[in-house]
1. Among the residues of the range 32-49, is there at least one that is farther than 26 Å from residue 225 by Cα, assigned by TED's automatic domain parsing to the domain that holds residue 248, within 12 Å of the ligand (Cβ to nearest atom) and in contact with a strand residue (DSSP E or B) (Cβ under 8 Å, 6 or more places away or on another chain)?
2. Check whether at least one residue in the range 235-244 is crowded, with 19+ Cβ neighbours inside 10 Å, within 15 Å of the chain's Cα centre (by Cα) and over 25 Å from residue 203 (Cβ atoms), and report yes or no.
3. Can you name every residue in the range 111-142 that is farther than 24 Å from residue 101 by Cβ and touching a residue at least 40 places away in the same chain (Cβ under 8 Å)?
4. Just one of 134, 82 is surrounded by 18 or more Cβ atoms within 10 Å (Cβ to Cβ), over 30 Å from residue 213 (Cβ atoms) and within 16 Å of the ligand (Cβ to nearest atom); which is it?
5. Looking at the range 216-258 only, could you name the residues that are within 15 Å of the ligand (Cβ to nearest atom) and among the β-branched types (Val, Ile, Thr)?
6. Does residue 169 meet the test of being over 19 Å from residue 88 (Cβ atoms) and of a type outside the set (Gly, Ala, Ser)?
7. Having 2 or more residues that are touching a residue at least 24 places away in the same chain (Cβ under 8 Å) is the bar; report the helices (runs of 4 or more DSSP H) wholly within the range 183-287 that clear it.
8. Does residue 277 qualify as being surrounded by 11 or more Cβ atoms within 10 Å (Cβ to Cβ), within 21 Å of residue 50 (Cβ to Cβ) and more than 16 Å from the ligand (Cβ to nearest atom)?
Amino acid sequence: MKSKKKIPSKGSPNPIASSEGHAAEARRVTTRTIREMKLRGEKVTMITAYDYTFARLFDQAGADILLVGDSLSNVIQGNETTIPVTLDEMIYHARLVVRGVHEHAMVICDMPFMSFQVTVEEGFRNAGRIMKETGAGGVKLEGGQRVADHVRRMSEAGIPVMGHLGLTPQSIHQFGSYRTRGITKDESDRMKKDAKALEDAGCFALVLEKIPSGLAKEITDSLKVSTIGIGAGPHCDGQVLVMHDMLGLTEEFHPRFVRRYASLAETVREAVRSYDSDIKNGKFPSKAESY
Ligand code: KIV
């Protein structure tokens, strides 16, 4: 059901949009907003979303970026890894999320495994499909220097790109575990070079996943573009969590970086238990709920 209540949105007006009279666009987050937030020292709030209803709620609550993460392979499709989700499936979900954003948030769509790895041109074409078919404000892809040419090609064509370093789940079969990255000197030196390469190639922001907080601070301080951390400590320019984890829908997953802001799994079970009991006991529907 659609809410008719007007929810005040946060965020500063975008002067370019305002001066051109596009009132509805005035408070929408853009890459420019993200850049200005870093300059002001204002943190970016990013959360994953995969459908219209939750996107609507997260936008009303003031989240700055909704990420249609390829984690949808895990939390929506029930796969063990992010490898199986397809580009068409990502596009379908990104379209639903974009439809739920009326106020403020920018929507970024992950490029799934094998949608960009083969060649720069194929990655570029697929990023273009995401932009044309979903209405998202940009794409995200995993990798460092090896994807710099991909990022450059997309950025030069006007596609905002978010990078992703540290723990990169699409490479799980190469690494063999979800352990913290950037612990050794070799790994942390490489990550710093990767971060710089992605910035130089045109990324407007980088996700830093599961790396030591000190390394995340060094990278954040060395870049003009924003870092968005997940398990990367408090010094990043913003934070991201998977919605199912922060809302307490995934109960088996307990990494230390997840803070649960609700316990929806138990709330949902309890609601369905009551519904079941009311039906079985003839208490639902009542006279007032009937025609
Ligand atoms: O797919 C995803 O949800 C992500 C976030 C964890 C950053 O990439």
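The values are calculated or read from the model by the stated rules, or taken from the named source; none is laboratory data. Just so it is clear, the structure is predicted and the values come from calculations on it, not from any experiment. Note that each Cβ is placed from the backbone with ideal geometry, even for glycine, and that neighbours are counted across all protein chains shown.
1. Initially, the range 32-49 is screened for residues farther than 26 Å from residue 225 by Cα, giving none.
The answer is no; no qualifying residue exists.
2. The answer is yes; a qualifying residue exists.
3. Passing the criteria: only 113.
4. Of 134, 82, the one residue that is surrounded by 18 or more Cβ atoms within 10 Å (Cβ to Cβ), over 30 Å from residue 213 (Cβ atoms) and within 16 Å of the ligand (Cβ to nearest atom) is 134.
5. Matches in the range 216-258: 227, 228, 230, 240, 242, 250, 258.
6. Values: over 19 Å from residue 88 (Cβ atoms): yes; of a type outside the set (Gly, Ala, Ser): yes.
Taking the combined requirement at face value, the residue satisfies it.
7. Details: elements: 185-201, 213-222, 243-246, 264-280.
Those helices (runs of 4 or more DSSP H) span 185-201, 213-222, 243-246.
8. Answer is no for this residue.
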